[in-house]
Amino acid sequence: MAMTIINIPRRELYDKAWAMPLQKVADTLDCDYWRLRSAIIDAGIPVPPKGYWMKVAHGKPIPERPHLLDHPKGYKSVPLRVGIAAERSEIAAGRSLVREIAGSLGALKIPTRLVNPHPAVAEIAADPSRWPIYREMRAVLKEPPSECLRRVFRILNVIARAVESHGFSVAPGVDGGLIVSSDYRDTNIRVREKLRRAPISLPRASDRYVDLVKQRPSDGYQLQPSGFLEIQVYRGRWAEEPKNDLEDCLPHLIARLLADRERGKVEAASAAERARIRQIEERKRARAKKIADQEALAFAGFLEMSSRWTVTGQARTFLAAIRAADHSGANEPILEWLQDKIDAHDPLRAGPDPVLDKLAAIRNDIGEWCDLE
């Protein structure tokens, strides 16, 4: 969803809450009313009491506005999720797409016999432990499958063939349903028989009644098959109301899967683009760090040569003083040796160009990092 989180100062939110009703504040900030109210309560911001704005509208006396106290934990701002209008628009667009796809699919007929079963459906039908029935019904399960269960297999077969024709892959689920997979997500689809609550008839004998009540203290009914079927779609939070004829639901179900796949494509493309931008930003930061490290190394080299130059100047001055004090000239060989050593230690002995070239080489040595601007 196109929603973002912003931080609003507590003082600003406090002023807004007392300047207009919270619903108008929510509309102004483009956020959900209940989220806004919850955030205000969590932030310890006092709000007008019930009936406050009615009194304002009719010019009646209103209660005094309480002061905004500091938050016990020192919070200065309130995080809010905004963009509710874009979220609602996206939901409405998704529903419109589902209706459009469902209209283009037409009706899906459930045959009276299971012909050419899909491998996933055949695997479920061949294994009674995987039949899509409730745990409570297994105790009264009779062979062969009931007509209602046979109809479940036929409906699953229609669904499997229809989604496979639109590029989905189908596999049997552990709960007797189908796992419908696209390149982006898996969806579990199950068709089950609804259960009904049948009252338990208890004997009238007081002793027997007490014994049964002790055995079943909270159950006044037992579950029995109802003959009605329902379609359950997990991870989609959708279940069709139980009805005898589910044919009208199947195009809507297929349309939902197709719409989810299209949404998955968009989300995957968006995630890939975000990952690409994130990778570029990481490379830019790494390149900037590399350049900064090289520049720091070059500047450290400059400081080192500056220290050598300073020491060299002091050494030349000291050597000149020694020459002036040596009137005999007997120490000239050692003085010449010192002069050669001082000249070799001087970074500027060959002029400034070698020094600047060395620093430039260190600064520009950024390896294979290319310009990503």
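The values are calculated or read from the model by the stated rules, or taken from the named source; none is laboratory data. Predicted model only: the values in this text are computed from it and were never measured. Here Cβ is always computed from backbone atoms with ideal geometry, including for glycine, and neighbour counts include all displayed protein chains.
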| message | Quick check on the stretch 246-259. Is at least one of its residues more than 30 Å from L105 (Cβ to Cβ) and either modelled with pLDDT of 80 or more or among the β-branched types (V, I, T) (or both)? | response | no
| message | Pairs please, first residue from the stretch 49-62 and farther than 14 Å from W18 by Cβ and not assigned by TED's automatic domain parsing to the domain that holds L22, second anywhere and modelled with pLDDT under 90 and surrounded by 13 or more Cβ atoms within 10 Å (Cβ to Cβ), Cβ atoms under 6 Å, 6+ apart in sequence or on different chains. | response | none
| request: Kindly establish whether E332 is more than 30 Å from I159 (Cβ to Cβ) and free of Cβ contacts under 8 Å to residues at least 24 places away in the same chain. | output: yes
| note | Scanning the stretch 172-198 for residues that are farther than 24 Å from G106 by Cα, among the hydrophobic types (A, V, I, L, M, F, W, C), part of a strand (DSSP E or B) and touching a helix residue (DSSP H, G or I) at 6+ places or on another chain (Cβ under 8 Å) gives L195
| note | Only one of A300, A272 is outside the structural domain of T112 (by TED's automatic domain parsing), at pLDDT 85 or above, within 34 Å of the chain's Cα centre (by Cα) and not hydroxyl-bearing (S, T, Y), namely A272
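Here is a yes/no grid of residues against (1) surrounded by 10 or more Cβ atoms within 10 Å (Cβ to Cβ); (2) charged (D, E, K, R); (3) part of a helix (DSSP H, G or I); (4) touching a residue at least 40 places away in the same chain (Cβ under 8 Å):
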{"residue": "L246", "(1), (2), (3), (4)": "yes, no, no, yes"}
{"residue": "P251", "(1), (2), (3), (4)": "yes, no, yes, yes"}
{"residue": "A271", "(1), (2), (3), (4)": "yes, no, yes, no"}
{"residue": "K284", "(1), (2), (3), (4)": "yes, yes, yes, yes"}
| remark: G44 fails exactly one of (1) small (G, A, S); (2) in contact with a Leu (Cβ under 8 Å, 6 or more places away or on another chain); (3) within 30 Å of V152 (Cβ to Cβ), namely (3)
| field | Where a residue in the stretch 30-43 is acidic (D, E) and its partner, wherever it lies, is in a helix (DSSP H, G or I), with Cβ under 7 Å and at least six apart | value | D30/I84; D30/A85; D32/A26; D32/I84
| So how many residues does the stretch 14-70 have that are under 12 Å from L80 (Cβ atoms), surrounded by 14 or more Cβ atoms within 10 Å (Cβ to Cβ) and small (G, A, S)? | 3
